[in-house]
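Every number in this text was worked out from the coordinates using simple rules, so none of it is lab data. Remember, it's a predicted structure, so these values are computed and weren't measured experimentally. Because the Cβ atoms are built from the backbone with ideal geometry, glycine has one as well, and the counts that use them run over all protein chains shown.
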Amino acid sequence: MLYAVMKSLHILTVALFLGNVITGVFWKEHADRTRDPKIMAHTMSGIIGSDRIFTIPSVILITVFGFVAAVLGGYPILGTSWIWQSIVLFIISGIVFSAQLAPLQRKMRDVAAKGAETGSFDADGYRRLSRRWGLWGAVATLAPLGALFLMVMKPVH
């Protein structure tokens, strides 16, 4: 019973994590289409805030619930390929988020906020940051989606 609860909580936090990440992309693209730096800055602030409220706590809970479920289910973590490979993908996503995405989000917010404040928006600079954000965001999103695939398919090697 406890295994099923931990597994369910693990799945729930994965849904929360991926939902927040993917929804953030939607709202950023929606704001960028307005070309209004005030809206763009506001949206980036919201994405940064939702990462603090949803994404980062979800990472912690995914890890805790996943490890507990694996132990309770009798799965050796390093001896089960789909578990350790998923962990590697999740770590890659975390490194990319910390080293690339979070700093880029703050820079984009700041460029847009400065443009809204001064009336002189560096649209080209924002677009350059945004392209990098899109590239690294794809890596940071595809990695946990790959982990989700491995967790569902449980391939045996």
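Which fully enclosed helices (runs of 4 or more DSSP H) of the stretch 58-157 have 3 or more residues being touching a Ser or Thr at 6+ places or on another chain (Cβ under 6 Å) and in contact (Cβ under 8 Å) with a residue 60 or more places away in the chain? Working first, answer last.
Numbers: elements: 81-96, 102-118, 123-153.
Those helices (runs of 4 or more DSSP H) span 123-153.
Considered as a group, the residues in the stretch 91-149 that are among the basic types (Lys, Arg) and over 19 Å from LYS38 (Cα atoms) include one that is farthest from the chain's Cα centre (by Cα), and that residue is ARG131. Annotation: of all residues in the stretch 103-152 being within 30 Å of SER81 (Cα to Cα) and of a type in the set (Gly, Ala, Ser), the one that is surrounded by the most Cβ atoms within 10 Å (Cβ to Cβ) is ALA147.
Yes/no matrix, rows are residues, columns are (1) farther than 23 Å from TRP133 by Cβ; (2) small (Gly, Ala, Ser); (3) without any contact (Cβ under 8 Å) to a residue 40 or more places away in the chain:
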{"site": "TYR3", "(1), (2), (3)": "yes, no, no"}
{"site": "MET6", "(1), (2), (3)": "yes, no, no"}
{"site": "ALA15", "(1), (2), (3)": "yes, yes, yes"}
{"site": "ASN20", "(1), (2), (3)": "no, no, yes"}
{"site": "TRP27", "(1), (2), (3)": "no, no, yes"}
{"site": "ALA31", "(1), (2), (3)": "no, yes, yes"}
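How many of the residues making up the stretch 62-90 are surrounded by 17 or more Cβ atoms within 10 Å (Cβ to Cβ), among the hydrophobic types (A, V, I, L, M, F, W, C) and touching a Leu at 6+ places or on another chain (Cβ under 7 Å)? Here the count works out to 2.
Just one of the numbered conditions (1) touching a Phe, Trp or Tyr at 6+ places or on another chain (Cβ under 6 Å); (2) surrounded by fewer than 15 Cβ atoms within 10 Å (Cβ to Cβ) is not true of ILE22: (1).
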